[in-house]
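Structure first, then comments.
Every number here is computed from the coordinates shown, using simple stated rules; none is lab data. A quick note: this is a predicted structure, and the numbers were derived from the prediction, not measured. Virtual Cβ from ideal backbone geometry, glycine too; neighbours counted across all protein chains shown.
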Amino acid sequence: MYPSTFTYYRAGSVQEALKLLVENPDAKLLAGGHSLIPAMKLRLASPSALIDISRVPELAGIRDAGDRIVIGATTRYDDIQRSELVRQVLPILPEAIDVIGDLQVRNMGTIGGSLAHADPAADLPAVVLALGAELKAVGPDGERTIPADQFFVDLFTTALQPNEILTEISFPKPPARTGMSYQKFANPASGYAVVGAAAVVTLGEDGKVAAVRVGVTGAGPYAVRRQNVEQALVGQEPTAAAIEAASQLASEGMTFNSDIFASDEYRAHLTRVFVKRALTRAVERARG
Amino acid sequence: MQITVTVNGVTYTHDVEPRLLLVHYLRDVLNLTGTHIGCDTSQCGACTVLLNGKAVKSCTLFAVQADGAEITTIEGLARDGQLHPVQEGFWEKHGLQCGYCTPGMIMTAVDFLQRNPNPTEEEIRHAIEGNLCRCTGYQNIVRAIQYAAEKMRSGS
């Protein structure tokens, strides 16, 4: 299968990529290309130009920024999985990445590509919501920071403007007694999340839940936080019964996708079950 | 656009259309037809090659993205008439029937064993999730990779 013809540009810097985006309003940014190229081959996307940002040095890499960890948008899944720093501080990232696609896809795919594409069944949107990440974007008018909570807007739609480039994702380092987990019900053929739930739980010295964030992907048109579940748990002793009761709220007030593989009713059920599993595992890990 | 790539140790320079997929460049321009096209939708892994040492699906890369890279295909694995341990494993353990998935399966296994020289069976099965085989049921493919792992560890 051949995609439509396009002009290929290779940007050497973010500024050059921005300039090319202004000159080619119909262009698409190419990083790992593992969502874009399949779509182009099926002619679901036919951009007139591709701007390859995969070799822009300042867009890739993982750095320790004091109380935060910052991951460049074009950092590949495989490099995140291999990072000792990420494994120690944000273990939910390698846990989730390990169930994305397959080995070859993880060698090419990038964290920023996945987030900017905002596939409703992608794994990482739930994870950045649960970690309370911030996403930095650069456009012709300068730089801005978008909280993960405001980033996913609709099906394949984010808060990014067409002339903006996602440059990095910044994660707060979790406090002591924090546990985190991503639990996914994968489509047996595609591996995509039918439902995926990410939970990050911090316990107080008294063993009660001091802070908790829950993100859900796959279930609806875009990834969402589940504040109702969080509110039900904060200040509580995280017993099995308390987690069960909070998880029952996970499907409330949500819009669910329905397709040949899973009905909306089934996705609602899976949402409750997988939020419970993610919370349970996160609490176990928070207790150490 | 002009690209320069090193494939199996030989450097090539060609003028290619940006939409030319890497797999078509390898097969149709370089005549390296050992890399197969299976599903053409990034799922089956038959087209897997090593790009700077890492397994990638060459149907999901444009040749222009590989500009400047070192590529290894199935034709480049044997050294001086000696099969690579993974190739030998597929031979010894009957890791194939029709053979269509085999080049991609082997290239994935080569990348995987570089990073995990002593894998469990479960880890092997996870590593080859992106390579589909419709003949074998994977049993002998897993044994072939186990054979290769052992052989590479013993350094013989």
### Summary
Classified through the alpha carbon gyration tensor (a ≥ b ≥ c as square roots of its eigenvalues; rounded if a/c is under 1.5, else prolate when a/b is larger than b/c, else oblate), region A:147-227 comes out oblate
#### Entry: Pairs from A:Lys19/A:Lys136; A:Lys184/B:Lys54; A:Lys184/B:Lys93; A:Lys28/A:Lys173; A:Lys19/A:Lys184 whose Cα-Cα separation, in the structure shown, is over 30 Å
A:Lys184/B:Lys93; A:Lys28/A:Lys173; A:Lys19/A:Lys184
### Query
With each run of n ≥ 4 DSSP H residues scored as -39500 (n - 2.57), what mean residue ellipticity at 222 nm is computed for chain B after dividing by its residue count and rounding to the nearest 500 deg cm²/dmol?
-9000 deg cm²/dmol
### Nearest-20 debye value, the protein assembly as shown charge dipole, Cβ charges on Lys, Arg, Asp, Glu
580
#### Entry: Peptides A:218-224, B:34-40 ordered by average Cβ neighbours within 10 Å, highest first
A:218-224, B:34-40
### Query
If you average the sequence gap of Cα pairs under 8 Å that are 6 or more apart and divide by the length of region B:2-76, what percent do you get for the contact order?
41
## Note on the structure
Within the set A:Val214, A:Val201, A:Val22, GNM on chain A using Cα springs under 10 Å gives the largest fluctuation to A:Val22
### Query
Counting only other chains, what is the mean number of Cβ atoms within 10 angstrom of the Cβ of each residue in peptide A:94-103?
4
### Query
Rounded if a/c is under 1.5, else prolate if a/b is larger than b/c, else oblate: which is region A:95-177, with a ≥ b ≥ c the root eigenvalues of its Cα gyration tensor?
oblate
### Cβ-based charge dipole, chain A, positive-most Cα from A:Ala11, A:Phe171, A:Ser46
A:Phe171
### Task
Return the inverse of the average 1/r over all pairs of distinct C-alpha atoms in region B:2-156, which is the Kirkwood hydrodynamic radius, in Å to one decimal.
15.6
### Phi to ³J(HN,Hα) by Karplus 6.51 cos²θ - 1.76 cosθ + 1.60 over region A:266-281, Hz, x for Gly, Pro
5, 5, 4, 4, 4, 4, 5, 5, 7, 5, 4, 5, 5, 5, 4, 5
### Task
Have a look at A:Thr74, A:Ala31, A:Phe261 and report the one farthest towards the positive end of the charge dipole of chain A, computed about the Cα centre with Cβ charges (Lys/Arg +1, Asp/Glu -1).
A:Phe261
### Task
With springs only between Cα atoms under 10 Å apart, run a GNM on chain A and tell me which of A:Ala137, A:Ala189, A:Ala240 wobbles the most.
A:Ala189
### Message
Which of B:Arg125, A:Arg177, B:Arg134, A:Arg106 has the fewest other C-beta atoms within 10 Å, and how do the rest follow up to the most?
### Response
B:Arg134, B:Arg125, A:Arg177, A:Arg106
### Query
If r is the Cβ-Cβ distance from A:Arg55 to B:Glu70 and R0 is 22 Å, what FRET efficiency results, to the nearest 0.05?
0.90
### Query
Fewest to most neighbouring Cβ within 10 Å: what's the order for A:Asp67, B:Asp67?
A:Asp67, B:Asp67
### Query
Which whole-number percentage describes the relative contact order of chain A, with Cα contacts under 8 Å and a sequence gap of 6 or more?
16
### Task
Return the average number of partner chain Cβ atoms within 10 angstrom of each residue Cβ along peptide B:52-62.
6
### Task
Report, to the nearest 10°, how far helix A:14-23 tilts away from the longest principal axis of the Cα atoms in chain A, using its own Cα long axis and a range of 0 to 90°.
60
## Note on the structure
To the nearest 0.05, the calculated FRET efficiency linking A:Ser258 and B:Gln114 through their beta-carbon distance, R0 being 56 Å, is 0.85
### Task
Specify which residue in the list B:Ala69, B:Gly53, B:Leu26 is farthest towards the positive end of the charge dipole of region B:2-76, using unit charges on the beta carbon of Lys, Arg (+1) and Asp, Glu (-1), about the Cα centre.
B:Gly53
### Message
Treating only the Cβ of Lys, Arg, Asp and Glu as charged (+1, +1, -1, -1), what charge dipole size does region B:1-77 show about its Cα centre? Round to the nearest 20 debye.
### Response
200
### Summary
Env charge @ A:Arg272, Cβ radius under 14 Å, K,R +1 / D,E -1, value 0
### Message
Along its three principal axes, how long is the protein assembly as shown when you only count alpha carbons? Whole Å, largest extent first please.
### Response
68, 54, 45
#### Entry: region A:131-193: translational diffusion in µm²/s, Stokes-Einstein, Kirkwood Rh over Cα pairs, 25 °C, 0.890 mPa s
173
### Task
Would you mind calculating the relative contact order of chain B from Cα pairs under 8 angstrom and at least 6 residues apart, reporting the percent as a whole number?
25
### Residue mean of other protein chain beta carbons inside 10 Å, B:103-115
1
### Query
In which sequence would A:Glu16, B:Glu121, A:Glu84 go, from the one with the fewest C-beta neighbours within 10 Å to the one with the most?
A:Glu84, B:Glu121, A:Glu16
### Computed FRET value (nearest 0.05) for A:Thr145 with B:Glu122, which takes r as the C-beta separation and R₀ as 51 Å
0.80
